[in-house]
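Written out below as structure tokens is the structure these notes cover.
The values are calculated or read from the model by the stated rules, or taken from the named source; none is laboratory data. Being a predicted model, the structure only gives us computed values, none of them experimental. Cβ: placed from backbone, ideal geometry, glycine included. Neighbour counts: every protein chain shown.
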Ligand SMILES: CCCCC/C=C\C/C=C\C/C=C\C/C=C\CCCC(=O)SCCNC(=O)CCNC(=O)[C@H](O)C(C)(C)COP(=O)(O)OP(=O)(O)OC[C@H]1O[C@@H](n2cnc3c(N)ncnc32)[C@H](O)[C@@H]1OP(=O)(O)O
């Protein structure tokens, strides 16, 4: 019988060693981006991440950080978010980062963005009842590509590191939502972001 092929041990993620993965321009928040300390409203009331009309949603809240290219978002884990007894589901934690990172890119650059790629490193279990403080920052822009990364800490912005994530968001025009989404529900989204740089 042939012996099994040796398996080399690698780090769980190597992305952080090469991030952003392409040459980028330094991030410059939009001149009308909300100032440090500003609370950012929900981007859409039916959004699973931040919407206030989704019963079991994550109901995340975000505020521009002390530095203008950073946003701090909070996600309080409830029993609706469990994957194992008393512990948050990893997929939902990734969802929380999708929201936090997308909010950072969208609100600071004031353009519609969608997630192209998102990866998460889970460093510590996140218990039900804890609040994850997700500090996200704009890392750079290359054409339509916006690179953002974040770390999530337990119960305080300087609490124990529990989750890290990096993502590529891609700027899109209104036509993305017109073509692929529900036109009947698009009105609210358009009204909330009427002063963003969107092509009509
Ligand atoms: C009505 C008014 C609206 C106004 C404002 C609206 C809303 C506000 C929106 C957001 C901001 C606020 C808050 C956001 C909060 C939460 C965010 C949640 C976001 C989501 O949860 S959103 C759902 C999941 N998301 C998707 O549903 C996307 C599906 N997908 C596609 O719709 C296409 O795939 C798309 C559009 C991504 C690209 O398609 P495309 O045809 O436009 O452009 P293309 O393919 O050329 O990509 C361009 C460059 O990105 C590179 N690239 C693309 N994907 C890559 C990957 N995976 N890895 C590495 N590189 C990638 C290419 O390589 C190329 O790079 P290069 O330019 O160098 O060639």
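Only a single criterion out of (1) more than 15 Å from the ligand (Cβ to nearest atom); (2) at pLDDT below 95 is not satisfied by residue 70, namely (2). Of the residues 13, 45, the single one that is closer than 22 Å to residue 134 by Cα, in contact with a strand residue (DSSP E or B) (Cβ under 9 Å, 6 or more places away or on another chain) and either at pLDDT 95 or above or in a loop (DSSP other than H, G, I, E, B) (or both) is 13.
For (1) near the ligand (Cβ under 7 Å from one of its atoms); (2) in contact with a helix residue (DSSP H, G or I) (Cβ under 7 Å, 6 or more places away or on another chain); (3) modelled with pLDDT of 95 or more, each residue gets a yes or a no:
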| position | (1), (2), (3) |
| --- | --- |
| 149 | no, no, yes |
| 153 | no, no, yes |
| 164 | no, no, yes |
| 170 | yes, no, yes |
| 173 | no, no, no |
| 177 | yes, yes, no |
| 183 | no, no, no |
| 194 | no, no, no |
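Taken over segment 141-200, the criterion of being closer than 14 Å to residue 100 by Cα and free of Cβ contacts under 8 Å to residues at least 24 places away in the same chain is satisfied by 151, 153.
Condition check ((1) at pLDDT 95 or above; (2) in contact with a strand residue (DSSP E or B) (Cβ under 6 Å, 6 or more places away or on another chain); (3) over 16 Å from residue 44 (Cα atoms); (4) more than 9 Å from the ligand (Cβ to nearest atom)) across all residues:
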residue: 84; (1), (2), (3), (4): yes, no, yes, yes
residue: 91; (1), (2), (3), (4): yes, no, yes, yes
residue: 97; (1), (2), (3), (4): yes, yes, yes, yes
residue: 100; (1), (2), (3), (4): yes, yes, no, no
residue: 105; (1), (2), (3), (4): yes, yes, no, no
residue: 126; (1), (2), (3), (4): yes, yes, yes, yes
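For every residue, the table says whether it meets (1) over 19 Å from the mean Cα position of the chain (by Cα); (2) within 16 Å of residue 116 (Cβ to Cβ).
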| residue | (1), (2) |
| --- | --- |
| 129 | yes, no |
| 133 | no, no |
| 163 | no, no |
| 167 | no, yes |
| 175 | yes, no |
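Taking the stated definitions as given, is residue 94 under 13 Å from the mean Cα position of the chain (by Cα), in a helix (DSSP H, G or I) and in contact (Cβ under 8 Å) with a residue 24 or more places away in the chain? Judged against the criteria, residue 94 is a match.
Restricting attention to segment 24-42, the residues that are within 12 Å of residue 108 (Cα to Cα), touching a strand residue (DSSP E or B) at 6+ places or on another chain (Cβ under 7 Å) and assigned to a loop (DSSP other than H, G, I, E, B) add up to 5. For residue 136, the criteria (1) touching a helix residue (DSSP H, G or I) at 6+ places or on another chain (Cβ under 7 Å); (2) in contact (Cβ under 8 Å) with a residue 60 or more places away in the chain; (3) more than 16 Å from the ligand (Cβ to nearest atom) hold in every case but one, which is (3).
Taking the stated definitions as given, is residue 132 assigned to a strand (DSSP E or B) and either modelled with pLDDT under 95 or over 22 Å from residue 23 (Cα atoms) (or both)? Answer is yes for this residue. Per the listing 118, 58, the residue uniquely part of a loop (DSSP other than H, G, I, E, B) and touching a strand residue (DSSP E or B) at 6+ places or on another chain (Cβ under 6 Å) is 58.
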